[in-house]
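The values are calculated or read from the model by the stated rules, or taken from the named source; none is laboratory data. Just so it is clear, the model here is predicted, and its values are computed rather than measured. All Cβ positions, even for glycine, are placed from backbone atoms using ideal geometry, and neighbour counts span all protein chains on display. Ligands, DNA and RNA are excluded from the accessible area calculation, which covers all protein heavy atoms including side chains. Shrake-Rupley method; radii C 1.70, N 1.55, O 1.52, S 1.80 Å.
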Amino acid sequence: MTPEEAVAEQERLRPRVRTSTDPGLTVQYVAGLDVSYADDDRLAGAIVVLDASTMETVDSAVVLGNAEFPYVPGLFAFRELPPLLRALSKLTVTPDLLVCDGQGLAHPRRFGLACHIGVVTDLPSVGVAKTPMGRFEQPSDERGAATDLVEDGEVVGRALRTRAGVKPVFVSVGHRIDLDRACAEVLRLCVTRLPETTRRADSLGRAQLR
DNA sequence: GCGACAG
DNA sequence: ATCTTGTCGC
């Protein structure tokens with residue numbers, strides 16, 4: 001897969017993204033997805049599913065693999081999608097929502113990792129990135145404060161303060177959910193700056209590389 | 001040509 | 001992504 005083909009693939013799948021929330025969507029099982037890297041080109045794709053009402057881990061899966069695509073801004077999904085899809089197929093619990101480590105619509109072609117994995121699996125998904133892809137005003141310091149993330153004059157996501165006085169995270173829609181609901185779900189998962197789902201998947205993945 | 005550029 | 005425990009400050 002060349003970078004040109006990857007871009008074409010994004011353009012092809014982009015129209016399938018849905019930015020409205022499924023009527024009656026209930027988010028009980030939430031999956032956190034993350035990929036960890038070793039010194040060589042080995043990587044580990046990890047997923048942890050938790051029950052949003054109790055925050056208990058109810059399922060998890062981790063797979064080892066090799067990086068098949070370099071890190072190219074804008075084409076991040078082509079590096080992380082393969083191991084994540086393999087890990088997803090090992091789950092015994094079907095998640096109601098996928099929480100991805102990266103952008104969704106806050107992407108140069110409005111098709112970041114969260115959109116890509118959402119469309120491919122047809123599951124609701126949101127992107128939670130640690131650094132922004134776009135411009136934003138600093139939200140006020142209280143937990144829950146948020147401002148728009150703007151790219152090319154469009155609102156593509158939100159800078160969300162998940163913890164008082166700490167740098168915000170950047171939430172954007174992936175698939176089958178709207179931005180308000182995406183932010184509400186992410187905030188509910190945050191005890192510290194990042195969602196518990198992401199934190200648990202991250203520790204599972206790095207542990208697997210040891 | 002130069003800077004920006006998720007993880 | 002990765003290097004990484006204790007420590008400074010509110």
Can you tell me which of A:E80, A:E68, A:E56 is touching a helix residue (DSSP H, G or I) at 6+ places or on another chain (Cβ under 8 Å) and more than 8 Å from DNA strand B (Cβ to nearest atom)? A:E68
Would the range A:13-30 turn up any residue that is under 19 Å from A:E80 (Cβ atoms), open to solvent by less than 60 Å² (accessible area, probe 1.4 Å) and assigned to a strand (DSSP E or B)? yes
Check A:T94, A:T54 and return the single one that is surrounded by fewer than 17 Cβ atoms within 10 Å (Cβ to Cβ) and touching a residue at least 60 places away in the same chain (Cβ under 8 Å). A:T94
Within the range A:121-165, the count of residues that are over 15 Å from A:R188 (Cα atoms), more than 18 Å from the chain's Cα centre (by Cα), surrounded by 13 or more Cβ atoms within 10 Å (Cβ to Cβ) and within 16 Å of DNA strand C (Cβ to nearest atom) comes to 0
Residue in the range A:48-58 that is farthest from A:R210 (Cα to Cα), counting only those that are more than 16 Å from DNA strand C (Cβ to nearest atom) and either of a type outside the set (A, V, I, L, M, F, W, C) or assigned to a strand (DSSP E or B) (or both): A:S53
When the residues of the range A:112-157 are filtered to those that are more than 23 Å from A:Y29 (Cβ to Cβ) and among the hydrophobic types (A, V, I, L, M, F, W, C), which remaining residue is nearest to DNA strand B (Cβ to nearest atom)? A:M133
So A:A61, is it under 25 Å from A:C190 (Cβ atoms), buried (at least 19 other Cβ atoms within 10 Å of the Cβ), away from DNA strand C (no atom under 15 Å from the Cβ) and without any contact (Cβ under 8 Å) to a residue 60 or more places away in the chain: yes
Of all the residues that make up the range A:177-192, how many are surrounded by fewer than 20 Cβ atoms within 10 Å (Cβ to Cβ) and at pLDDT 95 or above? 6
Scan the range A:31-47 for residues that are assigned to a strand (DSSP E or B), hydrophobic (A, V, I, L, M, F, W, C) and either over 19 Å from A:G112 (Cα atoms) or free of Cβ contacts under 8 Å to residues at least 60 places away in the same chain (or both) and jot them down. A:L43, A:A44
